[in-house]
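The values are calculated or read from the model by the stated rules, or taken from the named source; none is laboratory data. None of these values were measured; they are calculated from a predicted model. Because the Cβ atoms are built from the backbone with ideal geometry, glycine has one as well, and the counts that use them run over all protein chains shown.
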Amino acid sequence: MTRILTTLTIVLLLILSAGLTAKPSSATERLGLVAEQYVKKWFEFDPVYATEMGNHLYDDHYPDFSQRSFGKFASALRDLRNEMNGISQGELSVEQKVDYLTLQGNIETQLLCLSRSPLMQDNPKLFSGKASDGIYQIMLSQSLSDTVKLESILARLDDLPRFLKSAQKLLKEPPQIWILLADEEIENMVGFLNDIVGYFGPEFPQRHDELQEKIATAASALEDFSDFLDTLKTKEGQPFAVGKDFYDKLLRQQYFLDYDSDSLLKVGEALFAKSAKLYDSVSAIVDTLPLPEDFAYFIPKSFCRNDVMDYFQWEINQTRDWIVSHDFATVPASVGECVPVEASAFIRNVVGGIAYQPVGPFEPTQIGRFYVQPSPDSLSDANRSAYFRYCTRRGFKGAVAYDVYPGHHLQIQMANHNPSLMRRVQRDNMMVEGWALYCEEEMYREKFYGDDLRTYLATLGGIRFDAARMVVDVKLQTGQFTYQQAVDWMVANLDAEVDYIEKEVNRYTLTPVQPSSYLLGKEYLLMIRDLYKTKLGQKYTVRKFHDFILGQGGISPVLVYKQLTGQIF
């Protein structure tokens, strides 16, 4: 397998070299070449991201996030922007113009973050996250042998002290909340690294001492970085809010939206009021319903953890078959499997709860993973009863619809196989999260969950939550909410647990506009559906619309909407 991957790597480099030296004549060829150069420069700048996307040419080191490297990457992006300006858009098809805009938006957004944002310039979470992901993403690969994984991990462990030392030169007065989050992540990584020894030790006993030594050195570097973060805690720190001007530019450049933060806040407040009203009305009806009967189950003594895992896989397969047989969407043979996987010790240090883990578009093995919490090897009577009831009542059903079929797994797999490079590498949050949220509600309307209003209430609760995210996102990033005000507002308006909301708001401070993308994406998909229905008339079917959306890859649904309305021509 290693020899095959090496051969493929050489072939890929030869192809890229030929593409870089050839002189493209048409606008289509020039756009394709710039897209290839962009992806190559991006991966060179951030090798951890390259690993995540399934490109393993850079697995032996961490990024260089020095000011010099930022400047070099920004210069390369400006050169690519100049090359794009020389492309005659009139010679491109409408679909290629969408690719052009997607590439242009990426370049402008990255230049914006490189030049003006603490998200890149003064963010300890940037370093703690990459430190952990650098090892985690290698472990996730299903195309690399354990031998190759071990060599790459050892190389990254060697480079980790250099990477963390560079952080100490860059970080000045980051927001206090980001320091706390980075410190927590560093602490978790120490446990994560110890679990790596447990994973590789039995298979490579001759490398145990070497691995242990490198992990000890890495742990020392992590401890030094944690001590450095403690010194930053003594400083006041800058605010995390990016401000209205920056936020508005993200709306335009990254998400292609035509309105500003003021308009988005009004949209969010209106959607929250609407969803909260609907939630309350359905909740009032649910409160009058009799409780579901608690049937007396015969619990077989032979029921074990393997049966639980078999149920998870069965539910995934059943849902896939259901969307095909009910004409919800097409599932091409090229779409890779999705398998349930018990989260191992090293993964539980990174992933909490259940979670879908997508595969990068360049990963040779296209099998998605749906992480579930491990069940005991030997089930007690109480556990056996609880697990059996959960499986009998098909408790995994809703999670599969959102995260696997027809949600995240199907959409990302379809994007991974898109013929357009930009549509493969792009994972626009409005498309990815908007599609999953759209599917969750549409599967209810298609009777996938049956007619129980309790299920619909849970779906409405998610929509209401995403509307609240929009309000908090805008107010946090434009300075209208402090961190505590955001937490208090969500707890009060969603009747939610404080601990959970704090974790959510922690993430919002680091990801401006992203929290708004869930419901915004769903709303755009509904608008696109209305246009598509009008365009197709009597030829319209649900399957045709869903196949159309899935065929767009990972681009912004805003661009799809603008294409259908004739704004891209």
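Just a few scattered comments:
- Scan of segment 254-286 for residues that are closer than 22 Å to Lys562 by Cβ and surrounded by 14 or more Cβ atoms within 10 Å (Cβ to Cβ), ordered by number: Gln254, Tyr255, Phe256, Leu257, Asp260, Ser261, Ser263, Leu264, Val267, Gly268, Leu271
- For Gln96, the criteria (1) within 27 Å of Gln206 (Cβ to Cβ); (2) assigned to a helix (DSSP H, G or I); (3) touching a Ser or Thr at 6+ places or on another chain (Cβ under 8 Å); (4) among the polar types (S, T, N, Q) hold in every case but one, which is (1).
- Considering only residues in segment 131-155 that are among the charged types (D, E, K, R) and under 20 Å from Pro205 (Cα atoms), the one that is surrounded by the fewest Cβ atoms within 10 Å (Cβ to Cβ) turns out to be Asp146.
- Hey, Thr319 hydroxyl-bearing (Ser, Thr, Tyr), assigned to a helix (DSSP H, G or I) and modelled with pLDDT of 95 or more or not: yes
- Scanning segment 100-145 for residues that are part of a helix (DSSP H, G or I), of a type in the set (S, T, N, Q) and in contact (Cβ under 8 Å) with a residue 24 or more places away in the chain gives Thr102, Asn106, Thr109, Gln110, Ser115, Gln121, Ser128, Ser132, Gln137.
- Boolean, Ile177 is touching a Ser or Thr at 6+ places or on another chain (Cβ under 7 Å) and in contact (Cβ under 8 Å) with a residue 40 or more places away in the chain: yes
- Selected residue (criterion: modelled with the highest pLDDT) from residues of segment 9-45 that are part of a loop (DSSP other than H, G, I, E, B) and not charged (D, E, K, R): Ser26
- The residues listed here are Arg423, Arg427; of these, the one that is basic (Lys, Arg), touching a residue at least 40 places away in the same chain (Cβ under 8 Å) and under 15 Å from Ser517 (Cα atoms) is Arg427.
- Hey, Lys475 exposed (fewer than 14 other Cβ atoms within 10 Å of the Cβ) and either over 19 Å from the mean Cα position of the chain (by Cα) or acidic (Asp, Glu) (or both) or not: no
- Pick from segment 111-130, criterion within 18 Å of Glu52 (Cα to Cα) and small (Gly, Ala, Ser), ranking: surrounded by the fewest Cβ atoms within 10 Å (Cβ to Cβ): Gly129
- Looking at segment 322-417, the helices (runs of 4 or more DSSP H) lying wholly inside it that each contain 3 or more residues that are modelled with pLDDT under 95 sit at 345-348, 381-392, 397-403.
- Odd one out for Glu151, checked against (1) at pLDDT 95 or above; (2) under 26 Å from Gly368 (Cα atoms); (3) touching a helix residue (DSSP H, G or I) at 6+ places or on another chain (Cβ under 9 Å); (4) in a helix (DSSP H, G or I): (3)
- Residue within segment 451-468 that is touching a helix residue (DSSP H, G or I) at 6+ places or on another chain (Cβ under 7 Å), of a type in the set (A, V, I, L, M), without any contact (Cβ under 8 Å) to a residue 12 or more places away in the chain and surrounded by fewer than 17 Cβ atoms within 10 Å (Cβ to Cβ) present: no
- Test result for Leu564, farther than 25 Å from Arg424 by Cβ and modelled with pLDDT of 95 or more: no
- Selection count where residues are assigned to a helix (DSSP H, G or I), over 19 Å from Gln411 (Cβ atoms) and not polar (S, T, N, Q), scope segment 435-477: 19
- Which listed residue, of His409, His417, is surrounded by 24 or more Cβ atoms within 10 Å (Cβ to Cβ), under 20 Å from Phe370 (Cβ atoms) and of a type outside the set (S, T, N, Q): His409
- Filter pass, Ala76 being at pLDDT 95 or above, in contact with a helix residue (DSSP H, G or I) (Cβ under 8 Å, 6 or more places away or on another chain), of a type outside the set (D, E, K, R) and over 30 Å from Gln206 (Cα atoms): yes
- Failed criterion for Ala355 (all others in (1) touching a residue at least 60 places away in the same chain (Cβ under 8 Å); (2) within 27 Å of Gln137 (Cβ to Cβ); (3) surrounded by fewer than 19 Cβ atoms within 10 Å (Cβ to Cβ) hold): (1)
- Pair list, Cβ under 8 Å, 6 or more apart: segment 378-401 residue on the phi > 0 side of the Ramachandran plot, other residue of a type in the set (D, E, K, R) and outside any loop (DSSP other than H, G, I, E, B): Arg394/Glu315
- The residue that is nearest to Gln212 (Cα to Cα), counting only those in segment 138-193 that are in contact with a Lys or Arg (Cβ under 9 Å, 6 or more places away or on another chain) and among the acidic types (Asp, Glu), is Asp158.
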